[in-house]
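Notes follow once the structure below has been shown.
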Amino acid sequence: MNNLNYKFTRISCVLREPILYDIARIYICRMITKFFETLSNNYLEIFGDNDDDEDFNVIINVGGPLNSKIYKAHSVVLKYRSSYFRNKLANAKTDDNNVKTINLKHVSIQQFEIIIKYIYGGIISIEQHDAKFIFELMLIASELLLEELVKYLETHLIEEKAHWLRLQFSRIYHKSFQNDKLQKLQEWCNNIAAKYPDKVFESSDFTILQENALISLISRDDLQMKEVKIWNHVIKWGIAQNPGLPSDFKTWSLENFLTLKTTLQNFLHLIRYFQMSA
């Protein structure tokens, strides 16, 4: 037990009353002086000394063949800030100088500059970037398992870039449901799709929609679409997942129907059959 928690425990035992405990906790916390800005700047200085840094033990190759850059970094920072880097470093081999190499060639230099400054200094500046760049940055941050940064960028897009999200709705909808971390964007998309279902069901890429996306949408009670139409689209989606099925229903065998049933097994209990016209 650290000293601060010990003080809280002693106070709670003496005071007993929850309200007095809370007051005491606030009082003690106010006694703690925080120097996060200085700490952030110091860590950024550590990373900034790339040319003269003799303490680095990680090289990160960023960018493609036409625009690439080599970054020198420190494993102790990377692995404690991101489980992605922790796993990469655990599996990477060291060279003769005890340096490990990580390749992020699908990440642009511009994207990585923002990410590495967040990792070292806990700061981010995206005011000069457009919505498309921020969206792509969010996907990269998610891949690197930077959950805090992902949530920040996700909220920023919804609150500040909603117009762009609507213009790119189909792509945003698909991408958000390909990533379990983007819960806020998923909800944002479903709120729109529930009011304007044709944006999803009548889109040209409906049949390649993620199963979890379709399930989350048809399970909503506020979906503005007749149940029989929902069911017809679900069947259409299910058939598209099995390109080997005959195009003519009349030629289907029992095995063909069982194949479709298996594909749609997670949807069947969500269909409100009693709402369909006889």
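Might you check whether a residue that is over 21 Å from N212 (Cα atoms), assigned by the TED database to the domain that holds L66 and free of Cβ contacts under 8 Å to residues at least 12 places away in the same chain occurs anywhere in the stretch 136-144?
For the stretch 136-144, residues over 21 Å from N212 (Cα atoms), assigned by the TED database to the domain that holds L66 and free of Cβ contacts under 8 Å to residues at least 12 places away in the same chain: absent.
Which residues, taken from the stretch 148-180, are under 14 Å from Q210 (Cβ atoms) and touching a helix residue (DSSP H, G or I) at 6+ places or on another chain (Cβ under 8 Å)? Talk me through it step by step, then tell me what you get.
If we filter the stretch 148-180 for residues that are under 14 Å from Q210 (Cβ atoms), which is where we start, we get 170-180.
The answer is S170, I172, Y173, H174, K175, S176, F177, N179.
Look at the stretch 146-182 and say how many of its residues are surrounded by 20 or more Cβ atoms within 10 Å (Cβ to Cβ) and not in a helix (DSSP H, G or I).
2
Among the residues in the stretch 127-145, are any in a helix (DSSP H, G or I), open to solvent by 30 Å² or more (accessible area, probe 1.4 Å) and under 25 Å from D222 (Cβ atoms)?
no
Could you check the stretch 195-278 for helices (runs of 4 or more DSSP H) lying wholly inside it with 2 or more residues that are touching a residue at least 40 places away in the same chain (Cβ under 8 Å)?
Counting at least 2 such residues, we get 211-218, 227-240.
For residues that are touching a helix residue (DSSP H, G or I) at 6+ places or on another chain (Cβ under 7 Å) and more than 19 Å from A213 (Cα to Cα), tally how many sit in the stretch 226-278.
Looking only at that region, the number is 5.
Residues checked against (1) closer than 18 Å to R166 by Cβ; (2) aromatic (F, W, Y); (3) outside the structural domain of L165 (by the TED database):
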site: C189; (1), (2), (3): yes, no, yes
site: D221; (1), (2), (3): no, no, yes
site: M225; (1), (2), (3): no, no, yes
site: P243; (1), (2), (3): no, no, yes
site: F249; (1), (2), (3): no, yes, yes
site: L254; (1), (2), (3): no, no, yes
site: T262; (1), (2), (3): no, no, yes
site: L268; (1), (2), (3): no, no, yes
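Can you confirm whether S75 is open to solvent by less than 80 Å² (accessible area, probe 1.4 Å), modelled with pLDDT of 90 or more and under 22 Å from E147 (Cβ atoms)?
Yes, satisfied.
Within the stretch 184-196, can one find any residue that is acidic (D, E) and under 21 Å from N242 (Cβ atoms)?
Within the stretch 184-196, not a single residue is acidic (D, E) and under 21 Å from N242 (Cβ atoms).
The values are calculated or read from the model by the stated rules, or taken from the named source; none is laboratory data. Note that the coordinates shown come from a computational prediction; the quantities given were computed from them, not determined experimentally. Here the Cβ is made from the backbone with ideal geometry for all residues, glycine too, and neighbour counts use every protein chain on show. What goes into the accessible areas is simple: the full protein's heavy atoms, side chains included, and nothing from ligands, DNA or RNA. Shrake-Rupley method; radii C 1.70, N 1.55, O 1.52, S 1.80 Å.
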